[in-house]
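Student: Sharing a structure below in structure tokens format, with a few things to ask.
Every number here is computed from the coordinates shown, using simple stated rules; none is lab data. Keep in mind that this is a model prediction, so the values were computed, not measured. Counting neighbours? That spans all protein chains shown, and the Cβs are built from the backbone with ideal geometry, glycine included.
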Amino acid sequence: MNKEKSKALFEQAKNYFPGGVNSPVRAFKSVDGSPLFITKGKGSKITDADGNEFIDFCCSFGPLILGHAHESVLNAVTETAANGTSFGAPTQKENELADLILSNHRFIDRIRFVNSGTEAAMSAIRLARGYTGRNKIIKFEGCYHGHVDSLLVKAGSGLATLGTSSSAGVPQGTVEDTIVLPLNNKEAVETAVKKYKGEIAAIALEPIPANNGLLLQEKEYLQFLREVCDREGILLFFDEVISGFRIGFEGAAGYYNIKPDVAAYGKIIGGGLPVGAYGSSAEVMNTVAPEGPVYQAGTLSGNPVAMAAGIAQISECLKPGFYDELEMKTDIFCREVQQHAVSKGYPVTLPHKGSIFWTAFSQEKIQSADGIPENSGELFKKMHAALLERGVYLGPSGFEVGFISEAHTDEDMNNAVSAFQEALDEIFR
Ligand SMILES: Cc1ncc(COP(=O)(O)O)c(C=O)c1O
């Protein structure tokens, strides 16, 4: 595969940006170290600077549930932008997107639009602290909530000890109110809740953890967290930045039928433009300024162009059968690849939920970060290269999940099955 132009652009980019990129995973550091520069996306396909075309299973890391450059999103964006892109004053489009969401979602009554998933998670944490008057947060190893200081934390030594920062530049003082626990471990939660009784504002998690592989939890475990929160006056915070509007319109909350106290959204909600949101009951959300004392604001929040893109996209998601079709397509794809792996005795499974899938280099069910085999990174690197050669683009890290969009055709999916099967044969032969 010719990568000359992408390589030249990357060399140039290194003069401008740290590591040549504006978000670290894009640098392809966990794969071959030289990212593809994308020039065009249409439907399920992307084209790079050298003219190579790929079936795209990254989908901008999740937002593009309709695929690239969907006509209704494009029309909404161009028509709205022609009347001005931002006013710093309310517009009707904010009401329209909010109404579409709230009237089709059982678990939130009020919402606030922000500009990214990180902002949504950060604001949700502040809200939980402001509402409860408590400082500590429980989060889980293997869940990512954006680059929020207090959530860039790794586990300390031993259960229920306070975390240490996982990024330079995050003061210990900021993370010492964050407790990091392993997923799928009730005892760890009970121990922490007992040790810090009356101090914990929120239990934060991705209800479908999709940032460290796909670490699917049992419904019963999520229910347990709900019960602990009710018992202890803690808010249950579902970070649905990935799962929201993806695992059905109501996200994981709807899928599992478990009500979070606070939820954060991003990705799909903005139709491919920068939008995040957090929501809760009217009572909790009334703690937010200007109604209440928790401050949170944004110059471009709710800007009409991004709102229009969100309205166009999630209106499509609301059409009957939309999620069923996506789920079926994903299920067939994963089963076919996995059957091939099983028949050949490869240690590979494809866990999936809704239209999210992951390639796990293990035959075991993996439900916590420490269950991922150590050689997964090396195997993924080989698989990523083998798939690129066969015209399939995955997010450039073995910890990233894949996303399937409405635009992926049967032909795309059949071609992808063959590409995955051949790639696995190449790796394990
Ligand atoms: C679950 C989750 N929360 C928060 C974020 C941060 O969102 P953003 O990258 O839009 O800031 C991400 C990003 O991938 C995410 O997956």
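Student: As a test of the formula, what do you get for the chain when each DSSP H run with n ≥ 4 contributes -39,500 (n - 2.57) and the sum is divided by the residue count, at 222 nm and rounded to the nearest 500 deg cm²/dmol?
Tutor: -11500 deg cm²/dmol
Student: Indicate, rounded to the nearest 5 percent, the antiparallel portion of the DSSP beta bridges found entirely in the chain.
Tutor: Once the DSSP bridges in the chain are tallied, antiparallel ones form about 60 percent.
Student: Right, something else. Size of the dipole of the stretch 25-172 about the Cα centre, Lys and Arg at +1 and Asp and Glu at -1 on the beta carbon, nothing else charged, in debye to 20?
Tutor: Computed charge dipole of the stretch 25-172: roughly 740 debye.
Student: Counting every Cα pair in the stretch 1-58, what percent are over 20 Å apart?
Tutor: 23
Student: Could you calculate the FRET efficiency of Glu232 with Ala69 from 1/(1 + (r/R0)^6), where r is the beta carbon distance between them and R0 is 60 Å, rounded to 0.05?
Tutor: 0.80
Student: For the pair Ile332 and Glu411, what calculated FRET efficiency results from E = 1/(1 + (r/R0)^6), where r is the Cβ-Cβ distance and R0 = 22 Å, to the nearest 0.05?
Tutor: Efficiency, from the Cβ-Cβ distance: 0.95.
Student: Quick check: the distance between the Cα centres of the stretch 108-146 and the stretch 249-308, to the nearest angstrom?
Tutor: 10
Student: Report the gain in length on full extension from Thr78 to Gln12: 0.36 nm times residue separation, minus Cα-Cα distance, nm rounded to one decimal.
Tutor: Taking Thr78 through Gln12 to full extension adds about 20.7 nm, to one decimal.
Student: Step through the residues of the stretch 120-127 one at a time and calculate ³J(HN,Hα) from phi using the Karplus curve (6.51 cos²θ - 1.76 cosθ + 1.60, θ = phi - 60°), rounding each to whole Hz and writing x for Gly and Pro.
Tutor: The phi angles translate into 5, 5, 4, 6, 5, 5, 4, 4 Hz.
Student: Over the stretch 71-317, with a single point scatterer placed on each C-alpha, what log10 of the ratio I(q)/I(0) does the Debye formula yield at q = 0.07, 0.12 1/Å?
Tutor: Computed log10 I(q)/I(0) values: -0.23, -0.65.
Student: Which value, in debye to the nearest 20, gives the size of the charge dipole of the stretch 59-143 about its Cα centre, when Lys and Arg are +1 and Asp and Glu are -1 at the Cβ?
Tutor: So the magnitude is around 680 debye.
Student: Additional query: For a quick check: with amide H placed at 1.01 Å from N, whose amide H comes under 5 Å from Lys40's, ignoring anything fewer than 5 positions away on the same chain?
Tutor: Residues meeting the criterion, in which the H sits 1.01 Å from N, are Thr47.
Student: Another question, then. What FRET efficiency comes out for the pair Glu53/Gln363, r = Cβ-Cβ distance, R0 = 41 Å, nearest 0.05?
Tutor: In this case the efficiency is close to 0.75.
Student: Per residue of the stretch 408-425, in order, report the coupling 6.51 cos²θ - 1.76 cosθ + 1.60 (Karplus, θ = phi - 60°) as ³J(HN,Hα) in whole Hz, putting x for Gly and Pro.
Tutor: 5, 8, 4, 4, 4, 5, 5, 5, 5, 4, 4, 4, 5, 4, 5, 4, 5, 4
Student: Something else: Given a cut-off of under 8 Å on Cα pairs at least six residues apart, what relative contact order in percent is computed for the chain?
Tutor: 22
Student: Residue by residue through the stretch 206-221, what is 3J(HN,Hα) from phi via Karplus (6.51 cos²θ - 1.76 cosθ + 1.60, θ = phi - 60°)? Round to whole Hz and write x for glycine and proline.
Tutor: Per residue, the Karplus-derived 3J(HN,Hα) values read 7, x, 10, x, 10, 10, 9, x, 10, 9, 4, 9, 7, 4, 4, 5 Hz.
Student: Once you have all Cα-Cα distances for the stretch 151-277, histogram them in 5 Å bins from zero and send the whole-percent values.
Tutor: 2, 11, 18, 21, 21, 15, 8, 3, 0
Student: Aspartates and glutamates near Lys381 by alpha-carbon distance under 13 Å, same-chain residues fewer than 8 away left out - which ones?
Tutor: Reachable aspartates and glutamates: Asp32, Glu389, Glu400, Glu426.
Student: For Gly67, enumerate residues with amide H under 5 Å from its amide H, sequence gap 5+ or separate chain, H modeled in the peptide plane.
Tutor: Amide H to amide H, under 5 Å and 5 or more residues apart or across chains, Gly67 pairs with Glu406, Ala407.
Student: Dipole of the chain, Cα-centred, from +1 at each Lys and Arg C-beta and -1 at each Asp and Glu C-beta, to the nearest 20 debye?
Tutor: 780
Student: Starting from the amide H of Leu181, placed 1.01 Å from N in the peptide plane, find each other amide H under 5 Å away whose residue is 5 or more places distant or on another chain.
Tutor: Excluding prolines and chain starts, which carry no amide H, the hits are Lys139, Phe140, Glu141.
Student: Further, regarding this structure: Multiply the residue separation of Thr191 and Thr39 by 0.36 nm, subtract the distance between their alpha-carbon atoms, and state the gained length in nm to one decimal.
Tutor: 49.6 nm
Student: Gain in length, Glu426 to Glu220, computed as 0.36 nm per residue apart minus the alpha-carbon separation, to one decimal in nm?
Tutor: Additional length available on full extension: 70.2 nm.
Student: Provide the packing ranking of 327-333, 274-280, i.e. peptides ordered by the mean count of other C-beta atoms within 10 Å per residue, highest first.
Tutor: In descending order of packing, they fall as 274-280, 327-333.
Student: Relative to the compact globular guide of 2.2 N^0.38 Å, what is the alpha carbon radius of gyration of the stretch 222-282, as a ratio?
Tutor: Compared with the compact-globule rule of thumb, the stretch 222-282 sits at 1.16.
Student: Right, another one. Hey, could you pull the Cα Rg and Dmax for the stretch 324-395, both in Å?
Tutor: 12.6, 35
Student: Stokes-Einstein D for the chain at 20 °C, 1.002 mPa s, Kirkwood Rh over Cα pairs, in µm²/s?
Tutor: Approximately 96 µm²/s, per Stokes-Einstein.
Student: Return the subset of Lys3/Lys329; Lys5/Lys154; Lys7/Lys40; Lys40/Lys139; Lys267/Lys344 for which the Cα-Cα distance in this structure is over 28 Å, preserving the input order.
Tutor: Lys3/Lys329; Lys5/Lys154; Lys40/Lys139; Lys267/Lys344
Student: Suppose we keep just the DSSP beta bridges with both residues in the stretch 71-317; what percent of those would be antiparallel, to 5?
Tutor: Counting only bridges with both partners in the stretch 71-317, antiparallel ones make up about 45 percent.
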